[in-house]
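Since the structure comes first, as structure tokens, the remarks are kept for the end.
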Amino acid sequence: MSAAGAESVLHVAIDSKWYRPRGGEPVEAVRDLAFSIRAGEIVCLIGPSGAGKTTTLRILLGLDTAFEGRVAGAEQAGIVFQEPRLLPWRSVEHNVRLGLPRERRGRDLDGLFGRLGLMAWRGSYPKALSLGMQRRVALARALADAPRVLVLDEPFVSLDDTAAAELRSLVVDTVDQTDMSVLMVTHNVAEAIEIADRLLLVSRRPASLIADVPLARPRRTRDRAWAEATRSALAADYPDIIAL
Ligand code: ADP
Ligand code: MG
């Protein structure tokens, strides 16, 4: 399944996923969606709202097992959802430690807190933090146990550009330093073009794979002209998904 030489860390093959709400109409959320992710790769999943993207992430994380198909490799995933989901009555430090298995909960996290710019906030409670800082804590919690795969569900929405850019570069730096892989759902095509090695485009519901688009240019050498040309080419090929 993977390109020559690169190890695949995550496999997803969802044949179909139906929600059958009690007393409501069944809803098919995903159909024929298969992909793999290689070590050290950043993959962005893009598709319309309500397509079935969050459903796909929940399935591959093992949070939803009522589907047809198979998934493998997400046992050691770190997760950041759209809402930071921090415990309000626990300190930042405690919230991050809760991302570790019990036997490693006492370990030294100075490096992680330093890297994420959270040193001064360790003793603070989530309420005292801006949304951007809360997301940063959620990211620290997801990274605390050095996951092989980081799964992000629209993690930067409603942040200002600066806060979003800071979080993006924290994710990219971690990938560059550790060979972690990232699967990120995003609405923000510009963001995806900035950081992804590959884009997965999915249709409206039921989400199925429309295109798997590699972005071969090294991240460091991407500039505005390249980003705009890439976006225009995508918008021409996939106008239903990428707005012009
Ligand atoms: P996305 O993340 O792409 O916006 P979701 O995966 O959250 O989409 O949802 C896909 C579809 O499945 C939507 O139509 C949504 O209303 C429906 N859906 C999601 N969760 C449930 C649920 N627990 N029960 C019934 N329908 C659901
Ligand atoms: Mg969603």
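The values are calculated or read from the model by the stated rules, or taken from the named source; none is laboratory data. Note that this is a predicted model, so its numbers are computed, not measured. Because the Cβ atoms are built from the backbone with ideal geometry, glycine has one as well, and the counts that use them run over all protein chains shown. Keep in mind that these areas ignore ligands, DNA and RNA; they rest on the heavy atoms of the full protein, side chains included. Shrake-Rupley method; radii C 1.70, N 1.55, O 1.52, S 1.80 Å.
Odds and ends about this structure:
- Largest to smallest accessible area among MET133, MET180 [probe 1.4 Å]: MET133, MET180
- Cα gyration tensor shape for segment 1-99, rounded if a/c is under 1.5, else prolate or oblate: oblate
- Under 5 Å from the amide H of ALA29 lie the amide H atoms of LYS17, TRP18, TYR19, each residue being 5 or more positions distant or on a separate chain, with H modelled from the backbone and absent for Pro and chain starts.
- Model label zone, GLN82; criterion: amide N under 12 Å from point 7 Å along Cα-to-beta-carbon; scope segment 131-155: 153-155
- Highest-MSF residue in the chain out of VAL43, VAL151, VAL71 [GNM, Cα springs under 10 Å]: VAL71
- Computed [θ] at 222 nm, deg cm²/dmol, the chain (DSSP H ≥ 4; -39,500 (n - 2.57); rounded to nearest 500): -8500 deg cm²/dmol
- Heavy-atom accessible area with a 1.4 Å probe sorts ASP240, ASP212, ASP145, largest first, into ASP240, ASP212, ASP145.
- Across the chain, C-alpha contacts under 8 Å between residues 6 or more apart give a mean separation that, scaled by the residue count, equals a relative contact order of 27 percent.
- Prolate/oblate/rounded call for segment 91-199, Cα gyration tensor, a/c under 1.5 rounded: oblate
- 19 Å reach of a label modelled at TRP226, 7 Å along Cα-to-Cβ, counting backbone N of segment 177-215: 177, 189-200, 213-215
- Taking segment 205-227 and a reference point 7 angstrom along Cα→Cβ of GLU68, the backbone N atoms nearer than 15 Å belong to 206-208.
- At q = 0.14, 0.18 Å⁻¹, base-10 log of I(q)/I(0) for the chain (Debye sum, equal scatterers on each alpha carbon): -0.96, -1.45
- Sorting 163-169, 34-40, 192-198 by their mean Cβ neighbour count within 10 Å, with the most densely packed peptide first, gives 192-198, 34-40, 163-169.
- The antiparallel fraction among DSSP beta bridges confined to the chain stands at about 55%.
- Cα centroid separation - segment 6-60 against segment 64-115, whole Å: 21 Å
- Computed with a 1.4 Å probe over protein heavy atoms only, the accessible surface of segment 78-172 comes to 47 Å² per residue.
- Candidates ALA74, ALA229, ALA146, ranked by Gaussian network fluctuation over the chain, Cα under 10 Å, top entry: ALA229
- Gaussian network model of the chain, Cα within-10 Å springs - most flexible of ARG115, ARG217, ARG141: ARG217
- Ranked from largest to smallest solvent-accessible area, with a 1.4 Å probe on the protein heavy atoms, TYR125, TYR238, TYR19 come out as TYR125, TYR19, TYR238.
- Computed in the context of the full set of protein chains, the accessible area of segment 112-244 at 1.4 Å probe radius has 51% of its extent on carbon or sulfur.
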